[in-house]
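What follows is a set of notes on a single structure, which appears directly below.
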Amino acid sequence: QTPKRLFDLVRPYLSQNMAVLDLGCGTGLGAGLYRQFSKHMTGVDVSTKMLEKADEKNIYDRLEQFDVLEEWAFPEKFDLIYSSDVFVYFGNLDPIIGSASSYLVRGGHLAFSVELLEDEAAAGSYRLYPSGRYAHSQTYIQTCLDRHGLKKLKMSKTVIRKQSGHPVKGLLIAAVKKSSVRCQ
């Protein structure tokens, strides 16, 4: 449900003929939702097997094996970068959000999901859980967005998945790039 919920959150900010980057596209689960708004759609994932599955859907204009933690070198900037169910595998999101911001056009949008860290003692941080996934606090996400010239448009709490039959709380975030200046 998370890819659809993320799309619903960012949908009011989408327009026609966007350059779109699906960051951690996997098999392309949510890509069809965004295709109607894109003039050019790029999907990237670290797994070649996932990219092969995504390619079978014939949704993307370009697919590329890519590790989000490595230096970004795309030939274009994007109007929209979205990532569903990917950021939970990283603790420190600052370099990823920084790279995404540097590859957004002015007024471009970033949309992503995270698992919610509700522990008030760790409000400005993130934590690794036994599931092998990280949870991030709202304060931490806001700090990363601010640091990289992104303005939060919407942050919504939702259930992002079930784990051992129990709902896992998460956040869906939509932000916009405030300026064309690359932030540190």
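The values are calculated or read from the model by the stated rules, or taken from the named source; none is laboratory data. Quantities reported herein were computed from a predicted structural model and do not represent experimental measurements. Side chains included, ligands, DNA and RNA excluded: accessible areas come from the protein's heavy atoms. Shrake-Rupley method; radii C 1.70, N 1.55, O 1.52, S 1.80 Å.
In terms of the Cα gyration tensor, with a ≥ b ≥ c the square roots of its eigenvalues, is region 1-91 rounded because a/c is under 1.5, prolate because a/b exceeds b/c, or oblate? Rounded shape, in that the Cα axes give a/c under 1.5. Using θ = phi - 60° in the Karplus curve 6.51 cos²θ - 1.76 cosθ + 1.60, the 3J(HN,Hα) couplings for region 145-154 round to 4, 4, 4, 10, x, 10, 9, 5, 9, 8 Hz; x is entered for Gly and Pro.
Straight-line reach from residue 154: taking Cα to Cα under 19 Å and skipping same-chain neighbours fewer than 8 places apart, the lysines in range are 4, 169, 177, 178. Residue by residue, region 28-38 carries 3J(HN,Hα) couplings of x, 3, x, 4, x, 5, 8, 4, 4, 9, 9 Hz when phi is fed to the Karplus relation 6.51 cos²θ - 1.76 cosθ + 1.60 (θ = phi - 60°); x denotes Gly or Pro. The aspartates and glutamates whose alpha-carbon is closer than 18 Å to the alpha-carbon of residue 162, local same-chain residues fewer than 8 away aside, are 85, 115, 118. Rolling a 1.4 Å probe over the protein heavy atoms of the chain, with every protein chain left in place, gives an accessible area that is 48 percent carbon and sulfur. Amide H contacts of residue 46: 66, each under 5 Å away and 5 or more positions distant or on a separate chain (H built 1.01 Å from N in the peptide plane; Pro and chain starts excluded).
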